[in-house]
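**Q** Dropping a structure here in structure tokens format, bear with me for questions.
FYI, it's all coordinate maths here, none of it is from the lab. Nothing here was measured: the structure is a model prediction, and the numbers come from that model. As a convention, Cβ positions derive from the backbone with ideal geometry for all residues, glycine included, and neighbour counts pool all protein chains shown.
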Amino acid sequence: MQTIWERKSIRGFLSKPVEDELVKKVLEAALQAPSACNMQPWEFIVVRGKAKEELVNALISAYRQEKRPSRTQSPVPEKYKKRMQELFGAIKEYAEKTPGFDTWEGSLRFYNAPVVILVGKDKNIDNLRLLDIGLSVENLMLAAHALGLGTCPIALTLRYDDVIRQTLNLPSELELVLTVALGYPDLTLPINQFKAPKARLDECVKWID
Ligand SMILES: Cc1cc2nc3c(=O)[nH]c(=O)nc-3n(C[C@H](O)[C@H](O)[C@H](O)COP(=O)(O)O)c2cc1C
């Protein structure tokens with residue numbers, strides 16, 4: 001319970017490398033997630049070192065040429081839009097206090113995390129199975145927190161999906177569904193003091209007896 005309550009997105013990391021053993025531990029935790037018929041429809045790619053540097057350079061250069069729009073075009077119902085606005089309002093103060101902080105560039109730099117985990121699935125696997133992949137990513141993030149590491153799930157990068165595939169020469173059957181920044185959190189940064197507000201139970205739960 002403590003790990004669940006404490007975990008939060010980390011948006012600034014120390015340059016200290018993450019030990020291989022710990023990276024493997026968080027990935028092994030991801031693999032323990034439940035999945036329909038135990039299909040385990042997830043694929044993970046760990047990107048570090050020079051490959052990560054090349055990836056970040058390619059993403060930043062693409063971003064500077066073109067600020068791409070969100071890939072989800074369907075309108076967001078009002079109730080959820082309000083929550084997004086609340087988040088942007090609440091995080092602003094912490095972002096302003098953090099020198100050079102920028103969500104776009106920060107996301108595309110994976111907030112300087114030494115480890116990037118690409119999460120994907122075979123493109124022939126139905127989109128319903130994204131649920132299973134989400135469960136595995138939550139396991140990964142909770143395990144990371146329990147081991148003293150920080151994570152940020154980052155989907156903004158997927159707007160430049162073509163750039164990621166090309167830079168890392170990914171197989172065409174692999175569909176990317178999320179990227180995750182992983183590393184030791186820089187707790188001196190004001191942005192990492194931010195804790196996102198969460199809805200109350202009665203806003204999300206109905207009881208039928
Ligand atoms: C699918 C997904 C995509 C996300 N994409 C980004 C992103 O591109 N950049 C970013 O800074 N945070 C991103 N986040 C983090 C969310 O903003 C964060 O989870 C939310 O504000 C709740 O905060 P918490 O993770 O601290 O509980 C993403 C989270 C999820 C689950």
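**Q** Taking R0 as 41 Å, what FRET efficiency do you get between K206 and K24 from their Cβ-Cβ distance, rounded to the nearest 0.05? Walk me through the numbers before you get to the answer.
**A** Details: r = 41 Å, r/R0 = 1.00.
After rounding, the FRET efficiency stands at 0.50.
**Q** So, with +1 on the Cβ of K and R and -1 on the Cβ of D and E, and no other charges, what is the size of the charge dipole of the chain about its Cα centre, to the nearest 20 debye?
**A** About 520 debye.
**Q** Can you compute the modelled spin-label distance between E105 and K123, with each label point 7 Å from Cα toward Cβ, in nm?
**A** 3.3 nm
**Q** By counting other Cβ atoms within 10 Å of each Cβ, how are M1, M39 ranked from fewest to most?
**A** Starting with the residue having the fewest Cβ neighbours, the order is M1, M39.
**Q** Which of P77, P99, P34 moves most in a GNM of the chain, Cα contacts under 10 Å?
**A** The residue with the greatest mean-square fluctuation here is P77.
**Q** Can you sort E6, E21, E105 so the residue with the fewest Cβ neighbours within 10 Å comes first?
**A** Lowest count first: E21, E6, E105.
**Q** Can I ask one more? Just tell me which lysines come within less than 21 Å, Cα to Cα, of K81; anything on the same chain fewer than 8 places away is out.
**A** Once the sequence-local lysines are set aside, what remains near K81 is K8, K92, K195, K198, K206.
**Q** Let me spell out the model: positive unit charges on the Cβ of Lys and Arg, negative unit charges on the Cβ of Asp and Glu, origin at the Cα centre of segment 56-99. What dipole size does that give, in debye rounded to 20?
**A** For segment 56-99, the charge dipole is close to 140 debye.
**Q** Same structure, new question: Using each residue's phi in segment 24-38, evaluate 6.51 cos²θ - 1.76 cosθ + 1.60 at θ = phi - 60° and report the 3J(HN,Hα) Karplus result to the nearest Hz, with x for Gly and Pro.
**A** Along segment 24-38, the couplings run 5, 4, 5, 5, 5, 5, 4, 6, 7, 5, x, 8, 4, 6, 6 Hz.
**Q** Assuming R0 = 41 Å, what is the FRET efficiency of N169 and L31, from their Cβ-Cβ distance, to the nearest 0.05?
**A** Once the sixth-power term is evaluated, E becomes 0.95.
**Q** Treat the chain as a sphere of radius equal to its Kirkwood radius over Cα pairs and apply Stokes-Einstein at 25 °C in a medium of 0.890 mPa s; give the translational diffusion coefficient in µm²/s, rounded to a whole number.
**A** The diffusion coefficient I find is 134 µm²/s.
**Q** Among residues other than N192 whose Cβ falls under 12 Å from its Cβ, what is the net charge (Lys/Arg +1, Asp/Glu -1)?
**A** The answer is +3.
**Q** Is segment 85-209 best put as rounded, prolate or oblate by its Cα gyration tensor, with a ≥ b ≥ c the root eigenvalues, rounded for a/c under 1.5, and otherwise prolate when a/b is larger than b/c, oblate when not?
**A** It is oblate, given that a/c is not under 1.5 and a/b is not larger than b/c.
**Q** Let me ask you something else. Show me 139-150, 171-182 ranked by packing, highest mean number of other Cβ atoms within 10 Å first.
**A** 139-150, 171-182
**Q** Compute the length gained on full extension between N112 and K92: take 0.36 nm times their separation in residues and subtract their Cα-Cα distance, giving the result in nm to one decimal.
**A** Using 0.36 nm per residue and subtracting the Cα-Cα distance, I get 5.2 nm.
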